[in-house]
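Derivation of every value follows stated rules applied to the coordinates shown; laboratory data play no part. Just so you know, these numbers come straight off a predicted model, no measurement behind them. As a convention, Cβ positions derive from the backbone with ideal geometry for all residues, glycine included, and neighbour counts pool all protein chains shown.
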Number of protein chains: 2
Amino acid sequence: MSQRVGDEAVTKAMGEIRSGPSSRRHGDTLPHIHRVGSPPKQTLFKEIKDSVAETFFPDKPLNNFKGKSFFGIFVLALQSLFPILEWGRDYNLKKFRGDLISGLTIASLCIPQDIAYAKLAHLDPQYALYTSFVAPLVYAFMGSSRDIAIGPVAVVSLLLGTTLSDEISNIKSHEYLRLAFTATFFAGVTQMLLGVLRLGFLIDFLSHAAIVGFMAGAAITIALQQLKGFLGIKNFTTKTDIVSVMRSVFQAAHHGWNWETIVIGLAFLIFLLVTKYIAKRNKKLFWVAAISPMISVIVSTFFVYITRADKKGVAIVRHVKKGVNQSSASEIFFSGKYLGAGIRIGVISGMVALTEAVAIGRTFAAMKDYALDGNKEMMAMGAMNMVGSLTSCYVATGSFSRSAVNHMAGCKTAVSNIVMSIVVLLTLLLITPLFKYTPNAVLASIIIAAVLSLINIKAMILLWKIDKFDFVACMGALFGVIFKSVEIGLLIAVAISFAKILVQVTRPRVAVLGKLSGTTVYRNVQQYPKAAQINGMLIVRVDSAIYFSNSNYIKERILRWLSEEEVQRTASGLSGIEYLIVEMSPVTDIDTSGIHAFEELYKSLQKRKIQLILANPGPIVIEKLHASKLTDVIGEDKIFLTVADAVSTFGPNEV
Amino acid sequence: MSQRVGDEAVTKAMGEIRSGPSSRRHGDTLPHIHRVGSPPKQTLFKEIKDSVAETFFPDKPLNNFKGKSFFGIFVLALQSLFPILEWGRDYNLKKFRGDLISGLTIASLCIPQDIAYAKLAHLDPQYALYTSFVAPLVYAFMGSSRDIAIGPVAVVSLLLGTTLSDEISNIKSHEYLRLAFTATFFAGVTQMLLGVLRLGFLIDFLSHAAIVGFMAGAAITIALQQLKGFLGIKNFTTKTDIVSVMRSVFQAAHHGWNWETIVIGLAFLIFLLVTKYIAKRNKKLFWVAAISPMISVIVSTFFVYITRADKKGVAIVRHVKKGVNQSSASEIFFSGKYLGAGIRIGVISGMVALTEAVAIGRTFAAMKDYALDGNKEMMAMGAMNMVGSLTSCYVATGSFSRSAVNHMAGCKTAVSNIVMSIVVLLTLLLITPLFKYTPNAVLASIIIAAVLSLINIKAMILLWKIDKFDFVACMGALFGVIFKSVEIGLLIAVAISFAKILVQVTRPRVAVLGKLSGTTVYRNVQQYPKAAQINGMLIVRVDSAIYFSNSNYIKERILRWLSEEEVQRTASGLSGIEYLIVEMSPVTDIDTSGIHAFEELYKSLQKRKIQLILANPGPIVIEKLHASKLTDVIGEDKIFLTVADAVSTFGPNEV
């Protein structure tokens, strides 16, 4: 800031800041030995560097590299990209026992879920199994969460299914499959880019409330979709909104639902829900719920096989391809008319998948108190989906339900994902043909039981209690999803979240302060009704940085308060207001529009013969007040360290 | 909030908040007779009502209507719509003298400017004069600014000219004129809607910095456009970017510029700039600059008439239609292929016009300290442009230069606009044919002299000094306008403004606090390097409301600080950190994501055996902490009125 004119004058004036004549002070006011400080001067370059660093590198990722040799940096960089190299060195048999058990548990849960979820994406079952083989392996090497269980999830499968079939309505065509791989590839690219460009904070714009609503809406939509398999309906709508689905269901009722299917579905749904309930009541029995889907599949498959119920109209899986993933590198559309659609669907599903994974990762990281690097996590997810798209997988992410089971089963590291991956591989190699007679109704039951836990009614009640606006955002997303589509619900969620930010930045809170008797503490009179206003003074606090978006509002709000207070005080026979004290503590920053607003406020106050006094401007604010010479206009002797100082200087003697 | 469960428990716990054993306290700490207060409970309806009221009706427009009879309300409503009914009653001869002189002054300034500005919009001169007749009249009845001078302005004329000719390249066609009226109509509708729907705050999103840059860019673009008239070039580019224009100018140089034109233009440009300089040096001589354009027109017209310079290639105005405005109601496209373009151009030009008018209105309102109702102002502007579009006018707004002259000439009320309007009417009726021989070069000189004052270099230097980010926004808008187009410049300005808001809400400031020796005041250690940190404690202050967009960042920022401090303190042989005090004063609001972040922070701290202490949560925050039962988790005894209280309770004895 070497361009600043008249810096000496400012410094000189700064030196003259006093806290008023001490003879007027009494009571327990503060010793006045401190002045409003200016932060150390920074060069422009450092200022910009710091600002960029705090925005994009708040975690200071390069801190560890300082003072290391070239080889040291290379090792650290490698460790940073592949955290397994770091934690792998401390790996021991005890940890492996935990990982083995949890890996086997989540494998038994993921295999039936995979076969079911593939249906949501309108893909053949093996593609979901492929995904559960490749993605966890890649994640285990690159990811930093110790609890997350990787694989296909219900919501992303549904999102892919609806968006892909909007583009290519023939879901059996080879183009459909190719577009799925394309979308997966670009989902990975999106995630990777967000991580590399350190734009991870963008997913913070999807608020918790919006996610709760979106998840619940998606869960309801998915459950409703299962009515097809559950009731054995043959002609089912391809739409996902509740109106179309219910119409389909009731139209089918006339031609008769398939009662054998319903009996099978209902029986296993009850079984699954009961085991879920048991696990919920007794946390130690979590494994009961974890293996019940596998048991349902085995029992129902065996049952159908011996009764040949499939001949009575019970729909079965029929065919799951045996063997491991084939390369799908040549299947991805890198040009042609589907490229645009692939990118669009990829970006959306990549962001949604990321949101889910990061939410899970954060939850467990907080529970066990280990650091989770959001940007690194995104790079891991991105790499995993890019590799997946080349090996016949579709979009994978962290699964809420399986991660919880993984955690409860005592997983220690990402090795549990490797164990799961190996089990899935063995399944693909050896036993997939056995799934031929698995009835679709059981898969529907498994999905319904799984997605029910995504409807977090407790969280919704809490939203209602804590923040009505959040509740509205939640419901908006929920109804958007179930009455229109997954994409519309997502759009509503984002729009409401943004609207909230806009309201926040244009209408910050401004509070009138009063003095707590017997102290030098000034507090919001709304919160502390006993706090007393000072005769002849109005003390207000601006609770936000002052920017172009709110500077006019703040100025006008203060002036309006002043007018209202003057009327009120005159009416109650008090003396008029002579001093306006603005408590600036919460004002962390001010821009040129804010400076202008203060100039205008000062001019308006001058006309009214009221003095403007500032209390405790922060480091950046005081610097900008100096730079704009506003301190000279207002007067350096009008800027105080605390409200109490200002009051003791200018206030009535009895204070 | 009657739904809250366990309110009694909360209230009971609240009663138990103490400030720690008083035996441990000494020094000048505060008397501990106050508790963290909860604001009075509100019903859901009141809460929502208050929030909506503060967002859309911060000025409480209906306050005056309270307790009035039906007739009283009617009169007030009429007065509110037509402020002239209110101030008109106090109008007297003394005020009229001021208004008459200023009205005549701005009329003499506006007539030559109008004829020149019409060219920027590719319209015949009379349409600008029509606009200066109708618009000021409507505004005088409905507007609340006393100093603004209404009429066509350079920037909006340029914006209309470029956007309209993008749609209809044949600027001489009748369609072009009709589209101009259509755009004007929808500009009025936009302004009216923004006022009626009380969305006036939307224009606050165009920051001061962006406006400075945009205006300067537009001024440069307009000045460059004048090279056509100034140099007498016949084939001139229709593009506005600096590259195309300069290419045009130098290509024309080969075929010879018209030297007679250049002489006339240069002579009068020097005359205009000298008078401007005189007026600037001596504020009392402002009228010299105000009437110099009129003198230039008269002298140059007379000169061309007697020398018949137009036969030597000096381009002249040729024809200005005599008579008053005709109705253009039937000319507006309410359907057909141009409707969409009309709406789009109308919305953009309406917003830009409004930005300019509101900026002017606010400046003078602050100078004279009178209230300006932004939403009412928008309705007046909207009405004025809608009426204008029906009477052969194009978009009018407040002019920077003429408003300043109006103010300096001593205007008292909007009557000066009426005086100006009458003068323009007389001009239209009587003397327009005399403008036939006015050389275009003089008009170009008038425009150049006028727009130069829109390039506010002082403001740019101030931007650089105060806020580098604002400076970047300003330059972005400026270069966007001159190198690309007016629209792109506007887009860049808005985009940069929004980016700033996003950074602000995702990366709020968090400060570490220290104690100022001999006081109970805790301040940012960066600003007050002498402030001492407390042994065994880390005190941080969050300087923003905690929302979904920043809650994770805040949590992680605090945890990172904690880790860094622990390392540092251990290195310097100090004891580890046992308490984390979060000063919550600036945290005006918290949403569910914020509550979750605090829960996660609490869990992480527990693992590290560090106690979480909150100081001075605000009214909304304490309510939400209770609603979410987070107070029970953290412990009511960990919530204090001030940091000093918390330190004196848990801190080391020597503090």
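Between residue A:606 and residue A:468, what length in nm is gained on full extension when 0.36 nm per residue of separation is reduced by their alpha carbon distance?
Difference between extended and current length: 45.6 nm.
List the distances, in nm and shortest first, from the label point of residue A:67 to the matching label points in every other copy, placing each point 7 Å from Cα along the Cα-to-Cβ direction.
Nearest first, the other copies' label points are 7.3 nm away.
Which log10 I(q)/I(0) values, to two decimals, does chain A give at q = 0.12 Å⁻¹ under the Debye formula with one point per Cα?
-1.16
Order these peptides, A:550-561, B:337-348, by their mean beta-carbon neighbour count within 10 angstrom, highest first. Write out the running numbers ahead of the final one.
Working: A:550-561: 21.4, B:337-348: 18.6.
Top of the packing list down: A:550-561, B:337-348.
Return the FRET efficiency for the residue pair residue A:499, residue A:339: r is the Cβ-Cβ distance, R0 is 25 Å, and the value is rounded to the nearest 0.05.
Values: r = 33 Å, r/R0 = 1.33.
It comes to 0.15.
From the cross-link list A:234/A:484; A:280/A:376; A:283/B:607; A:376/A:465; B:239/B:276; A:49/B:500, which pairs have alpha carbons spaced over 25 Å apart?
A:280/A:376; A:376/A:465; B:239/B:276
Expressed in nm to one decimal, what extension gain is obtained for the pair residue B:578 and residue B:253 from 0.36 nm per residue of sequence separation less their Cα-Cα distance?
Length gained, residue B:578 through residue B:253: 109.1 nm.
Which distances, in nm and shortest first, link the residue B:90 label point to the same label point in every other copy, taking 7 Å along Cα→Cβ?
Copy-to-copy label distances at residue B:90, shortest first: 7.6 nm.
Which value, in Å³ per residue, describes the convex hull spanned by the Cα atoms of the stretch B:259-313? If you can, show how the numbers build up before the last one.
Values: hull volume 3.0 nm³, N = 55.
With only Cα atoms used, the stretch B:259-313 gives 54 Å³ per residue.
Could you please rank A:117, B:437, B:394, B:277, placing first whichever residue has the fewest other Cβ atoms within 10 Å of its Cβ?
If I rank by nearby Cβ atoms, fewest first, I get B:277, B:437, B:394, A:117.
Which Cβ of chain A lies nearest the axis of the rotation superposing A onto B, and at what whole-Å distance?
A:586, 2
Measure off 7 Å from each Cα along the Cα-to-Cβ vector at residue B:570 and residue A:285, then give the distance between these two points in nanometres to one decimal.
The answer from the label model is 4.4 nm.
For the stretch A:373-521, what does the equivalent ellipsoid look like in terms of its semi-axes, each the square root of 5 times an eigenvalue of the Cα gyration tensor, given largest first in whole Å?
Largest first, the stretch A:373-521 gives 44, 22, 18 Å.
Hey, got the dipole for chain B? About the Cα centre, +1 on K and R Cβ, -1 on D and E Cβ, debye to the nearest 20?
Details: 66 positive and 46 negative charges, 345 e Å.
Dipole about the Cα centre, nearest 20: 1660 debye.
Give me the percent relative contact order of chain B, please, defined on Cα pairs under 8 angstrom at least 6 residues apart.
Normalised by residue count, the contact order of chain B is 23 percent.
What percentages make up the Cα-Cα pair-distance distribution of the protein assembly as shown when the bins are 10 Å wide from 0?
2, 8, 14, 17, 17, 15, 13, 8, 4, 1, 0, 0
So, in Å, what gap is there between the alpha-carbon centers of the stretch A:455-476 and the stretch B:583-654?
23
Count, for each residue of B:511-523, the Cβ atoms from other chains sitting within 10 Å of its Cβ, then give me the mean as a whole number.
4
In chain A, which whole DSSP H runs stretch at least 27 Å along their own axis (Cα) and average 0.5 or higher on the Kyte-Doolittle scale? List each step's numbers first, then the result.
Values: long enough: A:93-120 (39 Å, 0.54); A:174-196 (33 Å, 0.89); A:259-281 (32 Å, 1.35); A:286-307 (32 Å, 1.87); A:339-368 (42 Å, 1.17); A:486-506 (30 Å, 1.98); A:551-571 (30 Å, -0.97).
Sorted by number, the helices that extend far enough and score high enough are A:93-120, A:174-196, A:259-281, A:286-307, A:339-368, A:486-506.
Which trypsin sites (Lys or Arg not before Pro) in the stretch B:577-646 sit in a loop by DSSP (not H, G, I, E or B) and have at most 14 other Cβ atoms within 10 Å of their own Cβ?
Within the stretch B:577-646, the qualifying trypsin sites (Lys or Arg not before Pro) (loop, at most 14 other Cβ atoms within 10 Å) are B:609.
Between residue A:370 and residue A:322, how high is the FRET efficiency from 1/(1 + (r/R0)^6) when r is the Cβ-Cβ distance and R₀ = 35 Å? Nearest 0.05. Numbers along the way, then the final one.
Details: r = 40 Å, r/R0 = 1.13.
Efficiency computed from Cβ-Cβ geometry: 0.30.
PRE reach from residue A:263 (point 7 Å along Cα→Cβ): which of the stretch A:295-318 fall under 16 Å by backbone N?
Taking a point 7 Å out along Cα→Cβ of residue A:263, the residues of the stretch A:295-318 whose backbone N falls under 16 Å are A:300-315.
Over chain B, what is the percentage of antiparallel beta bridges among all DSSP beta bridges, to the nearest 5?
Numbers: 10 of 23 bridges.
About 45 percent, rounded to the nearest 5.
Please arrange A:377, B:487, B:600 by how many other C-beta atoms lie within 10 Å of their C-beta, fewest to most.
Sorted ascending by nearby Cβ count, the order is B:487, B:600, A:377.
Arrange A:469, A:479, B:230 by Cβ neighbour counts within 10 Å, fewest through most, would you?
In increasing order of surrounding Cβ atoms, one gets A:479, A:469, B:230.
Alpha carbon centre of the stretch A:125-156 versus the stretch A:233-273: separation in Å?
Going from one Cα centre to the other spans 30 Å.
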